[in-house]
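The values are calculated or read from the model by the stated rules, or taken from the named source; none is laboratory data. Source: prediction; values computed, not measured. All Cβ positions, even for glycine, are placed from backbone atoms using ideal geometry, and neighbour counts span all protein chains on display.
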Amino acid sequence: GKLIDDLITCRHKGEFTLTTPDKLDYMDVSARQIVSVAASLIPFLEHDDANRALMGSNMQRQAVPTVRPEKPLVGTGMERTVAVDSGVTVSAKRPGVVDSVDAARIVVRVDKKALGEDDDIGVDIYNLTKFTRSNQNTCINQRPIVQVGDVVEQGDVLADGPSTDLGELALGQNLLVAFMPWNGYNFEDSILISERLVDEDRFTTIHIQELTCVSRDTKLGPEDVTADIPNVGESALGRLDESGIVYVGAEVKAGDILVGKVTPKGETQLTPEEKLLRAIFGEKASDVKDSSLRVPPGVNGTVIDVRVFTREGVKKDSRALEIEAAEIEKAQKDLNVELRIREDAMFKALEAMMLNQVAEGGPARLKAGSKVTPAYLTDLPREKWFEIRLKDEKATHRLEAAHEKYKALYKERDAKLKATKEKLTQGDDLAPGVIKIVKVYLAVKRRIQPGDKMAGRHGNKGVISKVVPVEDMPYLEDGTPVDIVLNPLGVPSRMNIGQILETHLGWAAKGLGLKIGRMMEQKPDIKQVREQLGKMYDVSYGQKLDLDAMTDNEVMLLANNLRDGVPIATPVFDGASEDEINKLVELAGLSSKGGQVMLRDGRTGNQFERPVTVGYMYMLKLNHLVDDKMHARSTGSYS
């Protein structure tokens, strides 16, 4: 509880000075409180120059959520806090047991102890967000990480959101990195990556684009959304339904029609021939022009959702009615599930109360004076339970109260459904002159490619210059090819040495994981596993892991989860020292000549002439993608 150093750096009247502990008035609660949220996620922040740390903080905000998120091997211990507090995950509101799980919904039966007032049935239903567009056009998707029967406490993470892995923030991927030049492909911060990253979809991201088609009331008459478009071939209309709107699931490419729309044309001067044709074939021949919504150039993807907004008082087309019916059905399903669970919980409580009570009569020839048995209740339809007359007055009151509640449940369900139906069937409030708006959502899958921007957490950013086949990448003595090659000249002048320390610590973390993996392959007994894990968690002076308090199954599960690498937290201003990193590298059984190893050239098989710094670094893909920036232009007007 006291400061042990003789002299301590402190601030006095805005100046930094050294003083003895007895003269101090205030101290910070934690070393972390002086850094921002983003900066607190940078490991070894104390070894980075402030300019680069600023870039690192800002670039973490630009990271795109990958399809398969992976939490960092080297973190700061703030990852879980940040992910949960950001609200992208789903946390349990109350403790309980998971009742059912599917991709879009988690149902938790709440613990009896956590139940509030009497009328609370004790069911929490969590609806998950599926494939929704964010403001950055990235994809927001939540996936459950619990299973039926899991016991959850309040605040436990039930579902991962975008960029989270088992409740921890996971903005990028752990990559095996080598700091060395490679044929000039990493000149000026360029980055060389292995084809394996593309094959394994390590940095594949999903982007959702919203395309809008507006049908207006023009001077010449209303625009019409239809599949009957002049001068358009049958093949171009193949993906449209009878209302002229593309169906969900269609794969479309640039130039394809998504929503067919025609606009009335002004009366033009007609030639005599056209006049004759008009007279014979009627008016409609050519007074409309095609103004359909098409896929913009350079985009191809899958239609994942369509929304139709119709003005109040305008007749809805078949597609709008179809979408409406589907939404009502979904709402009905949700309400029915909620009702079923609440009903089950209620009847379970009733059964516990009524069993072995003495009855005074009831349906299905229940005699006065006989006891209520489980078999009797099982055979009796549930709604008939309320007709049983019990001798105990208190129990009778509870049964009557339950009956009222049972009726109220159905009333509440019907009222909610009615409100939902009304909300869905009423027209939309659109801008003046607008009859209908159709919004089409396209999901585009983007793999990593040359021209995309990547960065680490230390402000070390670069653009991919080349994707090299796996067999040409430099490889370790055991044949493992590296994932990414960075330029060593990007480190000294920028003074962000944190990335080198992260690389060494990541190397140790991965090595420890591989060591556990080798041990688990030999089907060890539990004692061995406990001993090995105990040794690992004993190296640091940080959080001690209480292995004795864990069951054998939990220890085995932990060991299996650690096979990909042992996650290490190195908090800001309180991080791992050089000695601790060396200890961990030794414990992992890796050679540590200054953290460097000899590599071989993938193309020739010869060793490079000097050792190279190799290890695991956490890299992010940023929202500056070449697909969005690439622009080509044929002849057109000058600007």
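Taking the condition out of contact with any Cys (no Cβ under 9 Å at 6 or more places or on another chain), touching a residue at least 12 places away in the same chain (Cβ under 8 Å), in a helix (DSSP H, G or I) and more than 30 Å from A402 (Cβ to Cβ), does A320 pass?
Details: out of contact with any Cys (no Cβ under 9 Å at 6 or more places or on another chain): yes; touching a residue at least 12 places away in the same chain (Cβ under 8 Å): yes; in a helix (DSSP H, G or I): yes; more than 30 Å from A402 (Cβ to Cβ): yes.
So A320 passes the test.
Could you list, in sequence order, all residues of region 221-249 that are surrounded by 18 or more Cβ atoms within 10 Å (Cβ to Cβ) and within 15 Å of V295 (Cβ to Cβ)? If the condition is that a residue be surrounded by 18 or more Cβ atoms within 10 Å (Cβ to Cβ) and within 15 Å of V295 (Cβ to Cβ), then L240, I245, V246 are the ones that fit.
Residue count for region 597-635 under the criterion of being modelled with pLDDT under 90 and not small (G, A, S): the result is 9.
Among residues of region 340-358 being in a helix (DSSP H, G or I) and among the aliphatic types (A, V, I, L, M), the one that is surrounded by the most Cβ atoms within 10 Å (Cβ to Cβ) is M354. Scanning region 546-586 for residues that are of a type outside the set (K, R), more than 30 Å from the chain's Cα centre (by Cα), surrounded by fewer than 18 Cβ atoms within 10 Å (Cβ to Cβ) and in a helix (DSSP H, G or I) yields L547, D548, A549, D552, E578, D579, N582, E586.
Quick check on region 221-243: of everything there that is assigned to a strand (DSSP E or B) and of a type in the set (A, V, I, L, M, F, W, C), which residue is farthest from K316 (Cα to Cα)?
To start, the set of residues in region 221-243 that are assigned to a strand (DSSP E or B) comprises 221-222, 224-225, 240.
Subsequent filtering for residues that are of a type in the set (A, V, I, L, M, F, W, C) retains 225, 240.
Values: V225: 11, L240: 17 Å.
The qualifying residue farthest from K316 (Cα to Cα) is L240.
If I filter region 470-484 for residues that are over 26 Å from S194 (Cα atoms) and in contact with a helix residue (DSSP H, G or I) (Cβ under 8 Å, 6 or more places away or on another chain), do I get at least one hit?
Applying the first criterion (over 26 Å from S194 (Cα atoms)) to region 470-484 yields none.
No: region 470-484 contains no residue that is over 26 Å from S194 (Cα atoms) and in contact with a helix residue (DSSP H, G or I) (Cβ under 8 Å, 6 or more places away or on another chain).
May I ask you to verify whether G479 is surrounded by 13 or more Cβ atoms within 10 Å (Cβ to Cβ) and either modelled with pLDDT of 85 or more or not charged (D, E, K, R) (or both)? Spelling it out, it is not the case that G479 is surrounded by 13 or more Cβ atoms within 10 Å (Cβ to Cβ) and either modelled with pLDDT of 85 or more or not charged (D, E, K, R) (or both). Filtering L7, L3, L24, L45 for residues that are surrounded by 21 or more Cβ atoms within 10 Å (Cβ to Cβ) and not β-branched (V, I, T) leaves a single hit, L45.
Taking the conditions (1) surrounded by 18 or more Cβ atoms within 10 Å (Cβ to Cβ); (2) among the β-branched types (V, I, T); (3) in a loop (DSSP other than H, G, I, E, B) in turn, T129 satisfies each one other than (1). Quick check: is even one residue across region 167-178 among the charged types (D, E, K, R), under 29 Å from H207 (Cβ atoms) and assigned by TED's automatic domain parsing to the domain that holds G75? Checked against the condition, which is being among the charged types (D, E, K, R), under 29 Å from H207 (Cβ atoms) and assigned by TED's automatic domain parsing to the domain that holds G75, region 167-178 yields at least one hit.
When the criteria are applied in full, S36 fails the requirement of being of a type outside the set (D, E), touching a Lys or Arg at 6+ places or on another chain (Cβ under 6 Å) and either closer than 21 Å to S86 by Cβ or surrounded by 12 or more Cβ atoms within 10 Å (Cβ to Cβ) (or both). Among the conditions (1) more than 30 Å from T425 (Cα to Cα); (2) within 37 Å of the chain's Cα centre (by Cα), the only one that I304 does not satisfy is (1). Name the residues in region 61-102 that are over 11 Å from the mean Cα position of the chain (by Cα), over 30 Å from I341 (Cα atoms) and among the hydrophobic types (A, V, I, L, M, F, W, C), would you? Of everything in region 61-102, those that are over 11 Å from the mean Cα position of the chain (by Cα), over 30 Å from I341 (Cα atoms) and among the hydrophobic types (A, V, I, L, M, F, W, C) turn out to be A63, L73, V74, M78, V82. Taken over region 395-430, the criterion of being of a type in the set (D, E, K, R), touching a residue at least 40 places away in the same chain (Cβ under 8 Å) and either touching a Phe, Trp or Tyr at 6+ places or on another chain (Cβ under 8 Å) or under 27 Å from E383 (Cα atoms) (or both) is satisfied by R398, K405, R413, K416, D428.
Checking each residue in region 197-210 for being surrounded by fewer than 19 Cβ atoms within 10 Å (Cβ to Cβ) and not β-branched (V, I, T) picks out D199, E200, D201, Q209, E210.
Just checking, how many residues over region 383-440 are in a helix (DSSP H, G or I) and hydrophobic (A, V, I, L, M, F, W, C)?
Of region 383-440, the ones in a helix (DSSP H, G or I) are 383-387, 393-425.
Retained after the next criterion (residues that are hydrophobic (A, V, I, L, M, F, W, C)): 385-386, 395, 399, 401-402, 408-409, 415, 417, 419, 424.
The total comes to 12.
Residues in region 116-126 that are at pLDDT below 90 and either in contact with a strand residue (DSSP E or B) (Cβ under 6 Å, 6 or more places away or on another chain) or surrounded by 15 or more Cβ atoms within 10 Å (Cβ to Cβ) (or both): I121, G122, V123, D124, I125. Note on region 65-84: residues that are more than 17 Å from G161 (Cα to Cα) and in contact with a Gly (Cβ under 9 Å, 6 or more places away or on another chain) total 4.
Within region 202-254, no residue satisfies the criterion of being under 30 Å from V467 (Cβ atoms), touching a helix residue (DSSP H, G or I) at 6+ places or on another chain (Cβ under 7 Å) and charged (D, E, K, R).
From the list I145, I140, exactly one residue is surrounded by 15 or more Cβ atoms within 10 Å (Cβ to Cβ), β-branched (V, I, T) and touching a residue at least 24 places away in the same chain (Cβ under 8 Å). Which is it? Before the answer, list the steps.
Values: I145 fails: touching a residue at least 24 places away in the same chain (Cβ under 8 Å).
Unique residue meeting the criteria: I140.
Applying the criterion of being among the basic types (K, R) and either within 18 Å of P488 (Cα to Cα) or in a strand (DSSP E or B) (or both) to the residues of region 447-473, the residue that is farthest from the chain's Cα centre (by Cα) is K466. Criterion applied to V248, V225, V262, V232 was being of a type in the set (A, V, I, L, M), assigned by TED's automatic domain parsing to the domain that holds E210 and under 33 Å from the mean Cα position of the chain (by Cα), and the one residue passing it is V248. Summed over region 359-375, the residues that are free of Cβ contacts under 8 Å to residues at least 24 places away in the same chain and assigned to a strand (DSSP E or B) give a count of 2.
So is G361 exposed (fewer than 13 other Cβ atoms within 10 Å of the Cβ), out of contact with any Gly (no Cβ under 8 Å at 6 or more places or on another chain) and more than 30 Å from K421 (Cα to Cα) or not?
Details: exposed (fewer than 13 other Cβ atoms within 10 Å of the Cβ): no; out of contact with any Gly (no Cβ under 8 Å at 6 or more places or on another chain): yes; more than 30 Å from K421 (Cα to Cα): yes.
It is false that G361 is exposed (fewer than 13 other Cβ atoms within 10 Å of the Cβ), out of contact with any Gly (no Cβ under 8 Å at 6 or more places or on another chain) and more than 30 Å from K421 (Cα to Cα).
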